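Take a look at the structure below.
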Amino acid sequence: MSNSSGYNRAYYEKNKKRIGARKGSRYKMDEGYRDAVKARAKQQREEQKKKRKNAPKSPKSVKVPKKIKVETPSGETKVARMYSIGQLAHRLDISIVTIRKWESENVIPTSTYRSKGNHRLYTEHQVSAVSRVYADYRINKTAGGPWRLTDDFVKALHEAWNSLPEGFPPEEQEENEDESRANLN
């Protein structure tokens, strides 16, 4: 079997132009053949579309957030679990382009942190806050209708974001300040 397969492949490579020209002229002349080719192509496109639609989202494409040493806007150094824009998009099940658009339109506040390569980074607390607000509005506020970006959503998102000074909960800020004071004494 493998021999005939190799033979067919070799024959086709050798005669590709002649075979292509014969198929092309038949396609032009024979309406039944042309309709069959179009139907087969349409069926293949629909099968590919169905495969893409039903394919599970690959967890391999989203990396686990890493703990990174960051300097807060107030000058403190912290080690925190940071998410990339892709990880945030995956968590919300929306595209990276949407997050960038939301950021440019001030729907979502500008990311507080940047990587050495100037990529957006979000603390795990910011990601949780955005996810919580997004899920609440997506599930509870749409009442079965299509989800729309509303002023209430933007306000709730900003309130949740602003409740996290420098991307961390206030109680975590106070703990770090207490630790800093203890280290000074």
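Within the range 72-165, considering only helices (runs of 4 or more DSSP H) that don't extend past its boundaries, which have at least 1 residues that are more than 18 Å from the chain's Cα centre (by Cα)?
124-139, 151-162
Counting only residues that are surrounded by 18 or more Cβ atoms within 10 Å (Cβ to Cβ) and of a type in the set (D, E, K, R), how many does the range 79-90 have?
Looking only at that region, the number is 0.
Would you check if residue 100 is surrounded by 14 or more Cβ atoms within 10 Å (Cβ to Cβ), free of Cβ contacts under 8 Å to residues at least 40 places away in the same chain and over 20 Å from residue 164 (Cα atoms)?
yes
Could you please let me know if residue 5 is part of a helix (DSSP H, G or I) and at pLDDT below 85?
So residue 5 fits the description; yes.
Looking at the range 104-135, which of its residues are surrounded by 15 or more Cβ atoms within 10 Å (Cβ to Cβ) and either free of Cβ contacts under 8 Å to residues at least 12 places away in the same chain or in contact with a strand residue (DSSP E or B) (Cβ under 7 Å, 6 or more places away or on another chain) (or both)?
Selection gives 111, 113, 120, 121, 122, 123, 124, 127, 128.
Which of the numbered conditions does residue 180 fail, given that it passes all the others? Conditions: (1) over 19 Å from the mean Cα position of the chain (by Cα); (2) at pLDDT 80 or above.
Unmet for residue 180, out of (1) over 19 Å from the mean Cα position of the chain (by Cα); (2) at pLDDT 80 or above: (2).
Please verify whether residue 38 is surrounded by 10 or more Cβ atoms within 10 Å (Cβ to Cβ) and in the same structural domain as residue 148 (by TED's automatic domain parsing), treating the condition exactly as stated.
no
The values are calculated or read from the model by the stated rules, or taken from the named source; none is laboratory data. Note that the coordinates shown come from a computational prediction; the quantities given were computed from them, not determined experimentally. Note that each Cβ is placed from the backbone with ideal geometry, even for glycine, and that neighbours are counted across all protein chains shown.
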